[in-house]
Amino acid sequence: GAHVLSVSQFERSDVERIFEVADSMRPYAHRERMTKVLDGAIMGNMFFEPSTRTRVSFGCAFNLLGGEVRETTDIKASSLTKGESLYDTGRVMSGYSDIIVMRHPQAGSVAEFAKASRVPVLNAGDGPNEHPSQALLDLYTIKKELKSRQQNIDGMHIAMIGDLKHGRTVHSLSRLVSLYSKVKFTLISPRELAMPEAIVEDLRTRGHQVVETEDMESGLISNDIVYLTRIQEERFASKPEADLYRGRFRLNQSIYTQYCQPNTVIMHPLPRDSREEANELDNDLNQHPSLAIFRQTDNGVLVRMALFALTLDVCEQVDKSSREVNW
Ligand code: CP
């Protein structure tokens, strides 16, 4: 039971193993088979920042494996507000759970919590730093989408667009993709919201091509994947500062048709900001066959089931403890 704190802890073979286990979870997520492999286990789902899909899909994934979920969703209702440290909180909560999933607004907070924890801790987002399970489900989706086009992750062209400074999903995803070979990254953002230099440097060191630009139109040309992100208002000092950047980079049907090569996969970690002043990914693309955003969210359950099964070392027992379901 190791923690999952950063994608930097993975080798390419680990990623492939997670994807293989995620594939094997498909019958259980679709209720063709049922397993109680985690019967009696308790997952502490601790979310100190808003979340829809990460919190619920981690919870569903644990339930689908037969375990129970205890939710902590309000930082104001916890004793952290009385000055208790993350370290003490980690030691205490790990006495009540078999595994903990945690999101918190500070970079490094989940690692600090994990230091004291006696059970595995999965990072569900630590401020602007990392979001490892999102990167895994994103790359799993990329692999599937490219496979249906007879393409591979090696050699792909991916554009990442928007708030690359604060977007933890693009930080984790680019680090994860860097384990593959000869990828071309086109990083499209306002200069002030560029990808952290350390990440760009690392991509180049590993032999990938990186182009950074503020020009979305030229950046959109000739990609296999375009990955949009929201302006992360919660990471700015004030709303007016975030307003400066909102709405600068938008994708809609007309821009897609004009600049993207046909079949370019459209991704977004979600939530997309659908307010008129932002609207980075327009609803007029909702029926587009290359829009993969809801395949990403569906795949999130499989990947999170795989993380639980691997971390709690029950992969071998899943099939043995399963039965067919006839609804
Ligand atoms: N992608 C993602 O992390 O979404 P939530 O914030 O809704 O969990």
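The values are calculated or read from the model by the stated rules, or taken from the named source; none is laboratory data. From a predicted model like this one, the values you see are computed outputs, not experimental measurements. In this analysis, Cβ positions are derived from the backbone assuming ideal geometry, glycine residues included, and neighbour counts consider all displayed protein chains.
The table below gives the values:
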item	result
Condition check for MET160: closer than 20 Å to GLY127 by Cβ, surrounded by 20 or more Cβ atoms within 10 Å (Cβ to Cβ), in the same structural domain as ASN263 (by TED's automatic domain parsing) and free of Cβ contacts under 8 Å to residues at least 40 places away in the same chain	no
Residue within the range 195-204 that is within 21 Å of GLN151 (Cβ to Cβ) and either assigned by TED's automatic domain parsing to the domain that holds ASP273 or among the small types (Gly, Ala, Ser) (or both) present	yes
Total residues in the range 260-272, condition farther than 19 Å from GLU145 by Cβ and either in contact with a strand residue (DSSP E or B) (Cβ under 9 Å, 6 or more places away or on another chain) or modelled with pLDDT under 95 (or both)	0
Test: residue in the range 10-32 that is within 16 Å of the ligand (Cβ to nearest atom) and not assigned by TED's automatic domain parsing to the domain that holds LEU179	no
Test: residue in the range 307-317 that is within 16 Å of the ligand (Cβ to nearest atom) and either touching a helix residue (DSSP H, G or I) at 6+ places or on another chain (Cβ under 7 Å) or within 25 Å of GLU145 (Cα to Cα) (or both)	yes
Boolean, ALA278 is closer than 20 Å to SER174 by Cα, aliphatic (A, V, I, L, M) and either surrounded by fewer than 22 Cβ atoms within 10 Å (Cβ to Cβ) or in the same structural domain as HIS171 (by TED's automatic domain parsing) (or both)	no
Pair list, Cβ < 6 Å and 6+ apart or interchain, from the range 191-204 residues that are within 12 Å of PRO128 (Cβ to Cβ) to residues that are basic (Lys, Arg) and at pLDDT 95 or above	LEU193/LYS165
Out of PRO50, PRO120, sole residue that is in the same structural domain as VAL301 (by TED's automatic domain parsing) and away from the ligand (no atom under 16 Å from the Cβ)	PRO120
Those residues of the range 244-269 which are surrounded by fewer than 19 Cβ atoms within 10 Å (Cβ to Cβ) and within 16 Å of LEU164 (Cα to Cα), in sequence order	LEU244, GLY247, ARG248, ARG250
Any hit, the range 82-94, residues being part of a loop (DSSP other than H, G, I, E, B), polar (S, T, N, Q) and touching a helix residue (DSSP H, G or I) at 6+ places or on another chain (Cβ under 9 Å)	yes
The one condition in (1) outside any loop (DSSP other than H, G, I, E, B); (2) over 22 Å from the mean Cα position of the chain (by Cα); (3) within 19 Å of HIS3 (Cα to Cα) that VAL69 fails to fulfil	(2)
Condition met for ASN129 (under 30 Å from MET34 (Cβ atoms) and in contact with a His (Cβ under 8 Å, 6 or more places away or on another chain))	no
Residues of the range 56-99 satisfying the condition of being within 16 Å of the ligand (Cβ to nearest atom), free of Cβ contacts under 8 Å to residues at least 60 places away in the same chain and either of a type in the set (A, V, I, L, M) or outside the structural domain of ILE42 (by TED's automatic domain parsing) (or both)	VAL56, VAL69, ILE75
Residue selected from the range 123-133 under the condition within 11 Å of the ligand (Cβ to nearest atom) and over 13 Å from HIS3 (Cα atoms), by the criterion farthest from the chain's Cα centre (by Cα)	GLY125
Test: VAL110 is within 15 Å of the ligand (Cβ to nearest atom), aliphatic (A, V, I, L, M), part of a strand (DSSP E or B) and modelled with pLDDT of 95 or more	no
